[in-house]
Amino acid sequence: MSFQEQIHDVAQLACVELFTPKFEESFWFFHDVLGMTPTEDDGKSCYLRGYEDRYHHSLKLTRSDKAGIGMVGWRASSPQALERRVAAIEASGKPGKWVEGNKGYGKAYEFTTPDGHKQHLFWDVEYYKAPEELKSKLLSRAQKRPLRGVPVRRLDHVNLLCSDVTKNGQFLMDNLGFLKRENVVFGGQDELAAWFSVSPLVHEVAFTKDQAGPGNRLHHVAFWYGNQGQMLDLADILQEYDVTIEAGPAKHGVSQAYFMYVYEPGGNRIELFGDTGYLIFDPDWKTLTWDESNFFNGGGVWFGGELPQDFFVYGTPIVEAAMAEAEAKDEVAEPAE
Ligand SMILES: [Fe+2]
């Protein structure tokens, strides 16, 4: 396996945009249950953030006729790093364009994955400034921990459903400097899922083969607690208020994540990430490949129950007919963490 030098031009996952056909209910979920703080609402979108998210927002919640993901936003490591990555994308044969006027960050380069997932890459950001009553005594905390629900600390990662995991992942590796940390390949065939990062985290983005739709969809967005106890507490609240828990709390073998998957009222799958999984500091990390011999022996779920069939076929926007067809088949391979 060849060595890929880390280039660190992309610093972090900064924000995501989610579409919801049930805005008020979705807002209740993110604001009241996950304790996120709104910074602005322009009538079309509401901008929210976890209490340790440092920028204007980490979630742009947009009123829409269907659920799904609108955009994934990445912060570059410097203005020069942004220019280098834009040059790489433009040379790739799949160029994007510069866009302005986005709330919370300055000029951004807009491009898509091969599947069509919209991405923004930018340097200039607007930092969140807590009003006096929300200022934390902890200097490292962007605001006081909210009193609502079980508040998440920050955005963690996004998992995108796509038609070709290898093709989409390679685009991020070639043009943005992502490294492939783990993947799933059954029978020596196509990759069914792969996890990529630009930092010691196991992933900021994952691609999963879309088995029930055309690709260019969302599997899930994950927010971070860093403490699985808080996830257990959240599970108790979700049961109380009739929010669907799809799977967990439990632990994946892939990424070693303590997870819980829920459907926010608008239909998007949201993951709560209870710990950090593990961190990677080895610059010569080799992709870890799970196959049918080990994936079902701890890879998918290390402990804590099963992943239901819907986990492998449900995504947003929902493709009803294709999902029913996929569920009717005996063998639907593969998940996503
Ligand atoms: Fe995940």
State which residue is farthest from the ligand (Cβ to nearest atom) when the search covers only region 248-278 and only residues that are farther than 21 Å from Phe303 by Cβ and in a loop (DSSP other than H, G, I, E, B). Pro265
Out of curiosity, is Gly229 of a type outside the set (Asp, Glu), buried (at least 24 other Cβ atoms within 10 Å of the Cβ) and at negative phi? no
So for region 208-220 (the condition being within 16 Å of the ligand (Cβ to nearest atom), free of Cβ contacts under 8 Å to residues at least 60 places away in the same chain and under 14 Å from the mean Cα position of the chain (by Cα)), does at least one residue qualify? no
Restricting attention to region 235-247, which residues are surrounded by 17 or more Cβ atoms within 10 Å (Cβ to Cβ) and within 16 Å of the ligand (Cβ to nearest atom)? Glu246, Ala247
Between a residue in region 284-313 that is in contact (Cβ under 8 Å) with a residue 60 or more places away in the chain and any residue that is in a helix (DSSP H, G or I) and of a type in the set (A, V, I, L, M, F, W, C), which pairs come within a Cβ distance under 7 Å, given they are 6 or more apart or on different chains? Trp290/Val254; Gly299/Val254; Val313/Met323; Val313/Ala326
Yes or no: region 76-96 includes at least one residue that is buried (at least 21 other Cβ atoms within 10 Å of the Cβ) and within 20 Å of the chain's Cα centre (by Cα). yes
Return only the number of the condition from (1) at pLDDT below 95; (2) within 16 Å of the ligand (Cβ to nearest atom); (3) over 17 Å from the mean Cα position of the chain (by Cα); (4) surrounded by 15 or more Cβ atoms within 10 Å (Cβ to Cβ) that Pro335 does not satisfy. (3)
State all residues of region 153-167 that are within 16 Å of the ligand (Cβ to nearest atom) and assigned to a helix (DSSP H, G or I); if no residue qualifies, say none. Val165
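The values are calculated or read from the model by the stated rules, or taken from the named source; none is laboratory data. All of these numbers come straight from a predicted model, not from anything done at the bench. Virtual Cβ from ideal backbone geometry, glycine too; neighbours counted across all protein chains shown.
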